Structure formats: C-alpha cells, structure tokens
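The values are calculated or read from the model by the stated rules, or taken from the named source; none is laboratory data. Quick caveat: nothing in here was measured; it's all calculated off a predicted structure. FYI the Cβ positions are ideal-geometry reconstructions off the backbone, even for glycines, and counts take in every protein chain you see.
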C-alpha cells in the first residue's frame with residue numbers, strides 16, 4: 001500500500017534539501033578538479049573578505065571532531081536571526097547550528113520572499129529574521145562559516161519562504177502544466193499552466209517553457225503531500241540567472257564517461273557519445289547537415305541550427321511521429337562534436353536526470369519512482385548474499401551487471417573510448433555493448449575468444465544500472481539457477 005497525507009508547511013519548517021547527496025561523487029574525477037578549483041577560489045575570496053582575527057583556528061586534536069560536527073550541519077533552507085552585520089558577512093543565530101558566520105558573495109541572491117523582487121544586503125539589519133540557503137561549511141573555523149547561495153528577507157508568519165530548487169526532470173503535461181522533479185528526487189512539483197513565471201532581477205519576459213532540466217528557480221507553496229516523493233503545487237515561479245557551466249555525464253551511478261555543458265540555460269550533451277551509450281546508431285548526412293538516430297524501436301533526425309525535435313517509430317509496418325517541438329536550443333557543432341539538448345534523449349524514451357553537477361543516463365541508482373511494480377521482478381541471491389531485484393524482459397531474466405559481477409568476484413570497468421563495459425575475474429573475460437544482443441567469452445592467457453551468442457535481449461541502461469541477461473554469467477562458467485521467484489548465482493542454497 002502507498003499512503004499520502006496532506007500537510008501544511010508551517011512557517012519555519014525546512015524544505016527538502018536540493019543538492020546531490022548519497023552518491024559516490026569522488027569517482028566523478030573530472031568534476032573533482034573543478035570542485036577543488038572552486039574551493040580554492042572560495043578560500044581566496046574568503047581570505048580577502050574576512051577581517052583579520054575573524055577566524056579562530058582550532059588545534060589539530062580538535063580539528064577532526066569539529067570538522068565532523070560542522071559537516072553534519074545543514075543550512076540549506078533554515079530560518080536565522082541576524083545578530084551582527086559587517087560588510088560582506090552576517091553573523092546569525094540558528095536553531096540547528098547555533099552561531100554561524102554567513103559570507104555574502106557577488107553571486108549571492110538576496111530576495112524579498114513576499115514579492116520575489118531583489119533586495120540589498122545593506123537593507124539587512126541586526127535583529128532581522130532571514131531565510132538561508134547556504135553551501136557546505138568551511139572547515140577549521142569557530143564559529144562555523146558558510147557562503148550563502150541565497151538569502152530571503154521580509155519573512156512572514158502567514159506563508160512559507162520561497163523554496164530554492166533545481167529542475168532534475170521536467171515533464172510537459174497535455175493540459176499545459178509542468179511536473180518537475182527536484183530535491184534529489186524527493187519532491188514532485190506541479191506548476192500550473194497559468195502560473196506566474198518571472199525572471200529574477202530583470203524586466204525580461206519569461207514563460208513556463210523556459211523551465212528545463214537544470215533550471216534553478218524559486219517556487220512558492222505552503223502545502224505538501226507527505227508521500228515519497230513529496231508532492232506540492234505552485235502558481236508562482238521566479239527563474240534565477242542562467243549559468244553557463246559544465247557537468248559530468250554519469251552512468252552506473254558513479255562512472256563519469258564525458259562532460260556536458262549548460263548553454264543559455266539548456267543542458268547540452270555530445271550527440272554521438274550519448275546516443276551510442278543509450279544504444280542508438282548514429283548516421284551523419286553532411287549534405288543536409290542532419291544526424292539520424294535509431295535504436296530499432298524509435299528514431300529521429302536532428303538538423304544543425306534548428307531547434308526542432310521529434311520522435312518517430314522505427315518499427316517496420318508501423319506509423320507514428322510526435323509533433324515537432326523546441327527544446328530550447330538548436331544542435332550545433334563545437335570542438336569537432338555535435339551538441340544537442342540532453343532532453344532529446346528523454347523525448348526518445350531514455351531515463352535522464354540532472355542532480356547537482358551531474359547528468360545521469362539511465363536514471364539514478366536506487367531512485368524511488370513511486371509504488372514498485374513487482375509483476376516482473378525476481379529476487380537475486382549470489383553466494384548467500386541477497387542483491388537488488390532482477391527483472392523479466394520479454395521472457396529474459398535481466399540482472400544488474402555491475403552488482404552481480406562484483407558479487408561473483410569480477411572486476412567491472414567501462415571502456416569509454418569503445419563505449420563498452422568490460423568484466424573479468426582473472427580467468428575469463430567478456431565485454432558488452434549497449435543495445436547489442438551479442439555476448440562473448442574469452443579465456444585469459446588461453447585459447448582466445450568463443451563465437452558470439454545471443455540471449456534474446458540486449459544490454460540497456462535503466463534505474464542507473466546496466467542490465468544484462470543472467471545467462472551471460474552462465475556463459476562465463478558461473479552457476480545460474482532460477483527456483484521459483486529467486487535467481488541463484490554461484491550456487492544454490494542447501
């Protein structure tokens with residue numbers, strides 16, 4: 001059973017956090033360099049903005065303890081009272097973290113939460129109540145110090161402050177409304193067709209269509225459905241300035257296979273890399289400056305310079321094509337690559353999701369998408385260890401490649417250049433290509449590679465994982481046996 005409850009957001013309650021947590025971000029190596037650069041810039045910025053003597057360094061024996069405590073403090077969406085104010089910083093008192101020094105950077109958004117209009121730091125006075133959206137704590141300081149992403153002023157007891165969100169997925173509904181996923185999959189926000197949509201700090205016009213995957217915005221709502229994901233509805237949106245930045249393209253939850261870029265607020269990805277990882281065949285027509293994609297089930301053609309995209313069936317003796325529509329940016333060529341909106345692959349039926357500075361192909365591991373469909377699911381037991389469930393696809397038992405492979409003692413890696421997943425245990429090895437129902441077994445330091453075989457299903461991405469037929473492991477010499485609704489790998493229980 002799946003229950004929900006209607007609840008008012010009481011003033012002072014904390015919204016769902018909107019930042020990437022719970023994932024192996026350290027594996028996304030290319031993004032770590034950017035984080036380190038950003039951290040260094042923040043430190044340098046802080047050194048120029050913090051008066052001498054404002055930071056008390058603590059001794060090394062206490063450093064680990066205090067750093068751990070500060071790391072647990074969460075100041076993303078909390079009320080605070082201003083106890084002191086200096087140029088470029090506020091000292092505030094909070095219920096969760098006590099006294100905190102909040103640094104105001106040039107890019108910090110300061111907004112009147114009642115009007116949605118910009119406010120000035122000079123208007124914040126001692127004794128004022130503010131609402132903070134801050135980044136992570138700066139370590140080795142007492143009191144703890146943070147940089148503010150946004151500060152809301154002119155709070156009221158009648159309504160909740162605006163929620164600062166980032167669109168992770170965007171669904172455009174038939175009635176003209178939008179359904180947006182945010183807060184690490186923890187919030188489903190319904191935006192009314194006639195909602196007020198305005199850009200922050202400018203007189204430019206904005207519309208609902210300007211909200212795309214990766215868009216940062218404020219939303220106002222007082223009532224939520226206490227389900228998972230939580231649900232809320234809004235009729236007021238303020239769009240934040242677009243940031244042209246880069247993000248990691250991630251598969252298997254933590255493997256970075258490339259880099260995308262935000263262009264005028266639209267998440268753009270390299271076409272061939274992304275398409276082939278999703279199992280599409282890519283053909284370039286130099287004369288017409290078009291690119292054709294097909295995976296045997298759906299197909300599309302994009303034209304360089306035209307913000308017009310569609311989805312058509314690729315099945316023989318079948319007709320059907322969606323109405324062409326815009327995705328906010330036309331395909332273009334840069335750095336010898338064709339770039340397209342990431343949402344094109346959502347249009348083609350692929351699972352894509354933006355979380356913080358990472359775009360996940362195939363979804364996010366263990367993301368809860370609603371009440372589970374157990375119809376085609378089965379249990380997996382590997383050497384007496386229970387793994388995540390498998391799934392039946394057209395009569396073929398499919399299992400998560402990496403989880404099962406590692407449980408059986410295999411090393412699983414990705415060959416980015418050849419777009420292959422590789423697996424070996426020191427004795428035998430194999431490689432698989434997304435979208436190709438062709439599997440091999442090679443004996444390491446032995447007689448070479450056996451003839452390819454088909455199992456009736458090609459590898460694919462879903463729910464942040466690569467799925468392969470369970471028979472692949474039987475091909476590699478493992479014991480594979482289905483008993484009732486449980487698949488046993490590496491031997492059955494006694």
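Points to keep in mind about this one:
- Criterion (modelled with pLDDT of 90 or more, buried (at least 18 other Cβ atoms within 10 Å of the Cβ), over 25 Å from the mean Cα position of the chain (by Cα) and within 18 Å of residue 380 (Cα to Cα)) met by exactly one of 480, 428: 480
- Any hit, the stretch 312-332, residues being within 25 Å of the chain's Cα centre (by Cα), more than 22 Å from residue 415 (Cα to Cα) and in a strand (DSSP E or B): yes
- Any hit, the stretch 484-494, residues being closer than 30 Å to residue 346 by Cβ and either assigned by TED's automatic domain parsing to the domain that holds residue 404 or free of Cβ contacts under 8 Å to residues at least 24 places away in the same chain (or both): no
- Qualifying residue in the stretch 104-124 (condition: assigned to a strand (DSSP E or B) and modelled with pLDDT under 95): no
- Scanning the stretch 451-494 for residues that are out of contact with any strand residue (DSSP E or B) (no Cβ under 9 Å at 6 or more places or on another chain) and assigned to a loop (DSSP other than H, G, I, E, B) yields 451, 494.
- Matching residues, the stretch 306-322, being out of contact with any strand residue (DSSP E or B) (no Cβ under 8 Å at 6 or more places or on another chain) and modelled with pLDDT of 95 or more: 306, 307
- Within the stretch 252-261, considering residues that are touching a helix residue (DSSP H, G or I) at 6+ places or on another chain (Cβ under 6 Å) and part of a loop (DSSP other than H, G, I, E, B), the one surrounded by the fewest Cβ atoms within 10 Å (Cβ to Cβ): 254
- Output for the stretch 433-461, where each listed residue is at positive phi and surrounded by 15 or more Cβ atoms within 10 Å (Cβ to Cβ): 435
- Test for residue 357: is it over 22 Å from residue 285 (Cβ atoms), in contact with a strand residue (DSSP E or B) (Cβ under 9 Å, 6 or more places away or on another chain) and without any contact (Cβ under 8 Å) to a residue 12 or more places away in the chain: no
- Tally, over the stretch 350-360, of residues that are touching a helix residue (DSSP H, G or I) at 6+ places or on another chain (Cβ under 8 Å), part of a strand (DSSP E or B) and surrounded by fewer than 24 Cβ atoms within 10 Å (Cβ to Cβ): 1
To keep it simple, each residue is scored yes or no on (1) more than 26 Å from residue 433 (Cβ to Cβ); (2) out of contact with any helix residue (DSSP H, G or I) (no Cβ under 8 Å at 6 or more places or on another chain).
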| residue | (1), (2) |
| --- | --- |
| 263 | yes, yes |
| 273 | no, yes |
| 277 | no, yes |
| 284 | no, yes |
| 307 | yes, yes |
| 318 | no, yes |
| 328 | yes, no |
| 335 | no, yes |
| 348 | no, yes |
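- Only listed residue being modelled with pLDDT of 95 or more, buried (at least 22 other Cβ atoms within 10 Å of the Cβ) and under 27 Å from residue 359 (Cα atoms), chosen from 187, 152, 132: 132
- A residue that is closer than 23 Å to residue 113 by Cβ and modelled with pLDDT of 90 or more occurs somewhere in the stretch 239-252.
- Residue that is farthest from the chain's Cα centre (by Cα) [pool: residues in the stretch 333-344 that are surrounded by fewer than 12 Cβ atoms within 10 Å (Cβ to Cβ) and part of a loop (DSSP other than H, G, I, E, B)]: 336
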